[in-house]
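The structure appears below as structure tokens.
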Ligand SMILES: O=C[C@H](O)[C@H](O)[C@H](O)COP(=O)(O)O
């Protein structure tokens with residue numbers, strides 16, 4: 001899987017040109033992309049490329065690999081967003097948020113001129129929710145009320161617990177995460193909107209209708225899917 005992730009990360013470089021503002025995604029696949037991007041910038045094969053990090057992880061990696069970073073509020077527009085995903089369905093709808101960075105990711109990916117997704121073939125599913133739960137970022141005080149409300153959606157949710165800290169994961173926005181398993185997701189866009197209508201929900205990990213291009217690392221090479 002590592003090799004497939006590396007292959008898509010390398011292929012993504014073909015989309016980056018001089019003078020671009022690139023949103024830097026979170027996760028293991030975009031970590032490879034950042035490594036390759038930094039190399040091109042350091043070797044001056046790319047000029048005046050700036051990254052907008054979606055998390056502390058992306059920021060730290062950008063600093064490590066020599067990718068200059070700017071804040072979202074410092075740029076007029078984002079030319080391209082590059083990020084991984086946890087699931088990709090047949091219509092290129094996504095589940096994201098395993099790394100807890102879904103809110104900032106959605107903010108920038110929604111605004112980017114092009115949203116380029118990098119995955120290996122294990123992420124492809126027929127219907128969202130087949131393998132992964134939907135992460136939902138919630139205001140801490142509301143976690144239990146929202147968990148109960150999710151039963152209306154025929155979902156069971158768990159508060160995400162930290163592994164190197166006692167208690168729950170706290171996102172970079174100071175919130176909790178519920179990982180929700182739905183019986184069946186037939187209409188991702190509808191569910192995405194409905195979840196965000198619950199008071200106390202900050203954002204959810206369904207990214208419907210926003211991916212433009214998905215690069216899929218397969219054993220037969222990198223495949224390109226487009227909407
Ligand atoms: O919050 C994290 C993100 O949505 C990641 O982009 C997603 O979990 C994919 O990560 P990876 O490339 O490590 O599979």
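Just so it is clear, none of the values below were taken in a lab; they were calculated from the coordinates. Computed from a predicted structure; not experimentally measured. Here Cβ is always computed from backbone atoms with ideal geometry, including for glycine, and neighbour counts include all displayed protein chains.
Of note:
- Hits in the stretch 131-155 - residues which are away from the ligand (no atom under 14 Å from the Cβ), part of a loop (DSSP other than H, G, I, E, B) and over 15 Å from residue 196 (Cα atoms): 154
- Residue-level check: of (1) assigned to a loop (DSSP other than H, G, I, E, B); (2) farther than 30 Å from residue 10 by Cβ; (3) within 20 Å of the chain's Cα centre (by Cα), residue 178 misses just (1).
Conditions tested, residue by residue: (1) farther than 19 Å from residue 88 by Cβ; (2) free of Cβ contacts under 8 Å to residues at least 40 places away in the same chain; (3) under 20 Å from the mean Cα position of the chain (by Cα).
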residue: 135; (1), (2), (3): no, no, yes
residue: 144; (1), (2), (3): yes, yes, no
residue: 148; (1), (2), (3): yes, yes, no
residue: 151; (1), (2), (3): yes, yes, no
residue: 155; (1), (2), (3): yes, yes, no
residue: 172; (1), (2), (3): yes, no, yes
residue: 197; (1), (2), (3): yes, yes, no
residue: 200; (1), (2), (3): yes, no, no
residue: 209; (1), (2), (3): no, no, yes
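- Of all the listed residues (222, 216, 134), the sole one being out of contact with any helix residue (DSSP H, G or I) (no Cβ under 7 Å at 6 or more places or on another chain) and surrounded by 16 or more Cβ atoms within 10 Å (Cβ to Cβ) is 134.
- The requirement of being touching a residue at least 60 places away in the same chain (Cβ under 8 Å), farther than 17 Å from residue 195 by Cα and within 16 Å of the ligand (Cβ to nearest atom) is not satisfied by residue 128.
- In the stretch 93-116, the residues that are under 14 Å from residue 75 (Cβ atoms) and free of Cβ contacts under 8 Å to residues at least 40 places away in the same chain reach residues that are away from the ligand (no atom under 12 Å from the Cβ) and in a loop (DSSP other than H, G, I, E, B) with C-beta atoms within less than 9 angstrom, at least six apart or across chains, in these pairs: 111/77; 111/78; 113/77; 113/78; 113/79; 113/212.
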